[in-house]
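The next block holds one structure in the form of structure tokens; read it before the comments.
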Amino acid sequence: MKAGQCFYMTGLTDSEFDCLFDCVEPYLSCLIHPDSKCNGSGNRKMDIKTELMAFMTILRHAFHLGIIAWMTNTSIATQSRIFVAWSVFLVELFDSIDLAPSPGEIEAFIPTEFINAGFGDASCLGDCTETKISESENFDVNNITFSPYKNHTTGKTEVWITSHGTLLQCSATYPGTISDMIVKMIMKMTISHLHFFMYRWRYRDLSVNALLSVSV
């Protein structure tokens, strides 16, 4: 593969892609292709590394499975099994990674502004952020996603980070009109361990049940 082609296909440089593969390689025995007649036989239509590249290419470019099947001289059914297998495998693998900060890490990196403000023992920070999304042809969908704050249709995601900026967790994305508190109610997350948290109280009269009944 020529220089730069891996980045164009997958969004990762050659070294980044190799690093990703090296990280998942020890666990490839857990990679299961659904409805495959060749599991365990060694009779594969694509090698494992090419499967990962095809999977990443589909994600980056939103390819129809037929296109990637044509590019790799395989069938749509084969690409479907590969995509499902890698989706489940990577989600399960990365979800198992413990992102909790090591002992002393927070104290070592917490900004002095936090300490001076009385939040020196903060363990993590959470807030909701809005991301602009394309308008829909469905008026009802536009109505529940239009955010006066951004003057655009948006999705709202709750983001949790450590006090020095390491990402801990992101929630699902909800309609932009939903309040931060309702997102927390849906997520059923506790804030008893937080000493610093930002609340916004827009749209308090918005019904949780009404929001949950709308399919976006």
> Taking only C-alpha pairs under 8 Å that are 6+ residues apart, what is the relative contact order of the range 117-168 in percent?
Replying inline: 44 percent
> Taking neighbour counts of Cβ atoms within 10 Å as a proxy for exposure, in what order, fewest first, do TRP70, TRP86 appear?
Replying inline: TRP70, TRP86
> How large is ³J(HN,Hα), in whole Hz, for each residue of the range 19-31 in order, when computed from phi with the Karplus curve 6.51 cos²θ - 1.76 cosθ + 1.60 and θ = phi - 60°, using x for Gly and Pro?
Replying inline: 5, 4, 5, 4, 6, 8, 4, x, 10, 5, 5, 8, 7
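From the Cα gyration tensor of the range 78-180, with a ≥ b ≥ c the square roots of its eigenvalues, which class applies: rounded if a/c is under 1.5, or else prolate if a/b is larger than b/c, or else oblate?
Numbers: a/c = 4.10, a/b = 1.26, b/c = 3.26.
Since a/c reaches 1.5 but b/c is at least a/b, the shape of the range 78-180 is classed as oblate.
Which order do THR177, THR112, THR129, THR157 fall in if you start with the one that has the fewest other Cβ atoms within 10 Å? It would help to have the intermediate numbers written out before the result.
Details: THR177 20, THR112 8, THR129 13, THR157 16.
The order, fewest Cβ neighbours first, is THR112, THR129, THR157, THR177.
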> Which of LYS2/LYS132; LYS49/LYS132; LYS132/LYS184 have a Cα-Cα distance over 27 Å?
Replying inline: LYS2/LYS132; LYS49/LYS132
> Where a ≥ b ≥ c are the square roots of the eigenvalues of the C-alpha gyration tensor, would you call the range 53-119 rounded, which needs a/c under 1.5, or, failing that, prolate if a/b is larger than b/c, or oblate?
Replying inline: prolate
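For MET9, MET187, MET53, what's the fewest-to-most ordering of other Cβ within 10 Å of each Cβ? Walk me through the intermediate numbers first.
Working: MET9 17, MET187 14, MET53 21.
Arranged by neighbour count, lowest to highest, MET9, MET187, MET53 become MET187, MET9, MET53.
Quick one: grab the alpha carbon gyration tensor of the range 133-184, order the square roots of its eigenvalues as a ≥ b ≥ c, and give me rounded if a/c is under 1.5, else prolate or oblate depending on whether a/b is larger than b/c.
Verdict is prolate for the range 133-184.
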> Near the amide H of ASP127, under 5 Å away, which other amide H atoms are found, from residues 5 or more places off or on another chain, if H is placed in the peptide plane?
Replying inline: VAL159
>> In whole Hz and in residue order, list the ³J(HN,Hα) couplings for the range 135-141 that follow from phi through the Karplus curve 6.51 cos²θ - 1.76 cosθ + 1.60, θ = phi - 60°; x for Gly and Pro.
In response: 5, 9, 6, 8, 4, 4, 5
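Evaluate the charge dipole of the range 65-122 about its Cα centre and quote only its size in Debye, nearest 20, assuming +1 on the Cβ of each Lys and Arg and -1 on the Cβ of each Asp and Glu.
Working: 1 positive and 7 negative charges, 121 e Å.
It comes to approximately 580 debye.
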> Modelled label-to-label distance, VAL84 and LYS150, 7 Å Cα→beta-carbon offset: nm?
Replying inline: 3.3 nm
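All of the numbers you see were taken from the coordinates with simple rules; none came from a lab. Treat the numbers as computed from the prediction; the structure is a model and nothing was measured. Note: ideal-geometry Cβ built from the backbone for every residue, glycine included; neighbour counts use all protein chains shown.
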